[in-house]
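Here's the structure we're looking at; comments come further down.
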Amino acid sequence: MSTASAVPARQPLAGRVAVITGASSGIGAASAEHLAGLGADVALLARRADRLDALAERVREKGGTALVLAVDATDRASVSAAADRVAAELGDTDLVFNNAGVMLAAPVEDVASDQWQRQIDLNITGLMNVVGAFTPQLVRAAAERGVADLVNTSSIAAQNVFPKFAVYSASKAFVSHLSRHLRAELGPRNVRVAALEPGIVETELQGHVTDQGALDWLAGTRETMEWLTADDIATTVGFLASLPPRVNIQQLTVLPTGQVD
């Protein structure tokens, strides 16, 4: 495929190779199915192989191509090996949805250092492992096909202040600022970089939270607004990747209509 306009509108991603991290549930799983429905061959990366197998089966039942790679994003060697397999079995990746992450909350005075480290390891180091492993493929694919995409999952927390979510919010601020820098480096080489900043989305992410005050706050938001769904974000990722090659939305915030902070 030489340009996005060469494929039918109903499958704008036909011929493209998409890697989705955090693909075993939530936004990652929904995005994998959606991108496959738009015509992309999808590589599914996450730790829970059984869930990936079930997801791949759903993709294949609909006529899509799916490659399952049980990978811990915090393991650089494992991510690098996964990148090699994608290139060997599907071709160079030209769309990376860098989505693996975790959200934990606690007052800073609790010194929940294990939680701090877990978020830093996955939300920052894991994200960078994926960037490092797949950027060479993105650059090659962009040179050949005219466009490639790196979409990093950030959060509205990168912009706003949420008590008890300090480390999570800071990790997402890293993602958003990093994405701007990567775009400056890679944009001239036809690799579009976008930071996707969702508000509250109904996923497993909230299930990781153990702090009662944070849980009470999340429960309260359910009474005042309808949360986003994983499918809402999947549709957004497909939209970003389906734009003409000349268009790069650098930063996109997607909020529930009722969310004001």
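The values are calculated or read from the model by the stated rules, or taken from the named source; none is laboratory data. Since the structure is predicted, the reported quantities are computational estimates derived from the model, not experimental observations. Because the Cβ atoms are built from the backbone with ideal geometry, glycine has one as well, and the counts that use them run over all protein chains shown.
Residues that are under 15 Å from A46 (Cβ atoms) and part of a loop (DSSP other than H, G, I, E, B) were ranked within the range 71-94; the one that is nearest to the chain's Cα centre (by Cα) is A73. Among the residues in the range 58-78, are any among the polar types (S, T, N, Q), surrounded by 19 or more Cβ atoms within 10 Å (Cβ to Cβ) and within 21 Å of R145 (Cα to Cα)? Looking through the range 58-78, none of the residues is among the polar types (S, T, N, Q), surrounded by 19 or more Cβ atoms within 10 Å (Cβ to Cβ) and within 21 Å of R145 (Cα to Cα). In this structure, A105 does not qualify as buried (at least 17 other Cβ atoms within 10 Å of the Cβ), over 16 Å from H34 (Cβ atoms) and free of Cβ contacts under 8 Å to residues at least 60 places away in the same chain.
Against the list (1) touching a Lys or Arg at 6+ places or on another chain (Cβ under 6 Å); (2) over 20 Å from T74 (Cβ atoms); (3) crowded, with 20+ Cβ neighbours inside 10 Å, the condition A148 fails is (1).
Can you pull out every residue in the range 10-50 that is among the charged types (D, E, K, R) and farther than 11 Å from A234 by Cβ? If you could, list the steps in order and put the result at the bottom.
Pass one, the range 10-50, residues among the charged types (D, E, K, R): 10, 16, 33, 41, 47-48, 50.
Of everything in the range 10-50, those that are among the charged types (D, E, K, R) and farther than 11 Å from A234 by Cβ turn out to be R10, R16, D41, R47, R48, D50.
Within the range 229-243, is even one residue part of a loop (DSSP other than H, G, I, E, B), out of contact with any Cys (no Cβ under 7 Å at 6 or more places or on another chain) and at pLDDT 95 or above? The answer is yes, given that some residue of the range 229-243 is part of a loop (DSSP other than H, G, I, E, B), out of contact with any Cys (no Cβ under 7 Å at 6 or more places or on another chain) and at pLDDT 95 or above. Would you tally the residues in the range 16-55 being in contact (Cβ under 8 Å) with a residue 40 or more places away in the chain, assigned to a loop (DSSP other than H, G, I, E, B) and out of contact with any Pro (no Cβ under 7 Å at 6 or more places or on another chain)? Qualifying residue count, the range 16-55: 5. Every test in (1) touching a Ser or Thr at 6+ places or on another chain (Cβ under 7 Å); (2) surrounded by fewer than 24 Cβ atoms within 10 Å (Cβ to Cβ); (3) small (G, A, S) is passed by A49 save one, and that test is (1).
If you scan the range 188-212, which residues turn out to be free of Cβ contacts under 8 Å to residues at least 60 places away in the same chain and farther than 22 Å from G28 by Cα? Walk me through how you get there before you give the answer.
Here is the first cut: in the range 188-212, the ones free of Cβ contacts under 8 Å to residues at least 60 places away in the same chain are 188-197, 200, 202, 207, 212.
P188, R189, N190, Q212, listed by residue number.
Whenever a residue of the range 158-187 is crowded, with 18+ Cβ neighbours inside 10 Å, its partners that are assigned to a helix (DSSP H, G or I) and basic (K, R), lying with C-beta atoms within less than 9 angstrom and at least six residues away or across chains, give the pairs A158/K172.
Of all the numbered requirements in (1) assigned to a loop (DSSP other than H, G, I, E, B); (2) without any contact (Cβ under 8 Å) to a residue 12 or more places away in the chain; (3) closer than 22 Å to V139 by Cβ, G63 misses one, and that requirement is (3).
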